[in-house]
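Below you'll find the structure, written out as structure tokens, and then a few comments.
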Amino acid sequence: MAIQVRIPTPLRKLTGGAESVAASGATIAAIVQDLESRHPGLKERICDDNGKVRRFVNVYVNGDDIRFLDNLQTAVKEGDEISIVPAIAGGAR
Amino acid sequence: MIAAAPQEPGSAARVRRLRQASVALVGVGALGCAAAEALATAGIGRLVLLDGEVVELSNLHRQLLHRTADLGRAKVESAAAKLAERHPATTLEPRCERVTETNADACLRGADCIVDATDGFAAKFLLNDAALRLGIPLMHAGIVRFLGQLMTILPGRSACYRCLFDAPPLAGDVPSCQEAGVLGSLAGTIGLLQAAEVIRYLTGTGVLLTDRLLTYDALAGRWRHVRLRRNPACRACAHVTPHPAGL
């Protein structure tokens, strides 16, 4: 079951520059694990040492924030679109 | 999404609102130069420019109000001088100081809007909290490398920055603009859009970027909206008195 995951520009060095990559899994947690196996290093950019989504990263399923769904246990299915949105801080300098 | 005001005013009233408005622009660098020029061009009556830094050579490719001759000069003074040449009717108030927890309320009180053109998470969370405390709309933006983000916060009415991101990352976890670099034209693009948000809000025209985050991927040339919602447990805005949508 392939699901497309949109990768933000700061993380694309881990996906060979790909804007969108395929991943398999029935939950966000499984998707993140699959992403890690295909693109090593991605998981630690999304999750902290305790396995929770980092507080400056948000994950969306079809535009809905997983924090308001079931977090990493949010179910996903083929055709869903997952987006990773990191906080970015630049601006003045 | 929130309409800027219940009824759109006529053009004379819109111009008057811009002329009577005071905007606090925090950060007069990459975003701030673009936003300041656009706001002054639109006829904003008073622009308070806040930044404690001086112009450096590495700034010049993206901070369009500063010149080589300005190196070492306070950014607010450099910007105010350029803006005054073109926009003598706009009252410019350059304040060479960094906005901090201590001085934020004094720096921002009285403004009709705050433009967050700062660099660094601490400043962005600080401005979010100050805007909520003071009940002043905040036009937030962030940029790094090829990615831009933009949202408008109406205190107590729309999702705030802490509804989106609960707390800043630890130092070093996410690179700043200074560390990672940024595409100069991306900074200008996002800064101009912040000004457009201010103008829409002040004139009661159109629909604001509330409860949605606009992202611009300058590598793919792709714009996207991410739906946001207020976090009912948000420690910053859950108990804030709702801002009246229009002026």
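No value in this document is a laboratory result; all are computed from the given coordinates. Source: prediction; values computed, not measured. A quick note on method: Cβ atoms are made from the backbone with ideal geometry, for glycine too, and the neighbour counts reach across all protein chains shown.
For the reader, a short list of remarks on this structure follows.
- Residue in region B:197-208 that is closer than 26 Å to B:Gly27 by Cα, out of contact with any His (no Cβ under 6 Å at 6 or more places or on another chain) and within 14 Å of chain A (Cβ to nearest Cβ) present: no
- Assessment of region B:156-165 against the conditions (within 12 Å of chain A (Cβ to nearest Cβ) and within 19 Å of B:Glu97 (Cα to Cα)) yields no matching residue.
- When the residues of region A:41-64 are filtered to those that are on the phi > 0 side of the Ramachandran plot and in contact with a Leu (Cβ under 9 Å, 6 or more places away or on another chain), the one that is surrounded by the fewest Cβ atoms within 10 Å (Cβ to Cβ) is A:Gly51.
- Considering B:Gly181, B:Gly206, the condition of being free of Cβ contacts under 8 Å to residues at least 60 places away in the same chain and in contact with a Lys or Arg (Cβ under 7 Å, 6 or more places away or on another chain) is satisfied by B:Gly181 alone.
- With respect to the stated conditions, B:Ala130 fails to be under 25 Å from A:Arg45 (Cα atoms), among the hydrophobic types (A, V, I, L, M, F, W, C) and free of Cβ contacts under 8 Å to residues at least 60 places away in the same chain.
- Just one of (1) in a strand (DSSP E or B); (2) free of Cβ contacts under 8 Å to residues at least 60 places away in the same chain fails for B:Val48. It is (2).
- Residue that is nearest to B:Thr189 (Cα to Cα) [pool: residues in region B:122-164 that are surrounded by fewer than 24 Cβ atoms within 10 Å (Cβ to Cβ) and aromatic (Phe, Trp, Tyr)]: B:Phe146
- Within region A:12-37, considering residues that are assigned to a helix (DSSP H, G or I) and in contact with a strand residue (DSSP E or B) (Cβ under 7 Å, 6 or more places away or on another chain), the one nearest to the other protein chains (Cβ to nearest Cβ): A:Ile28
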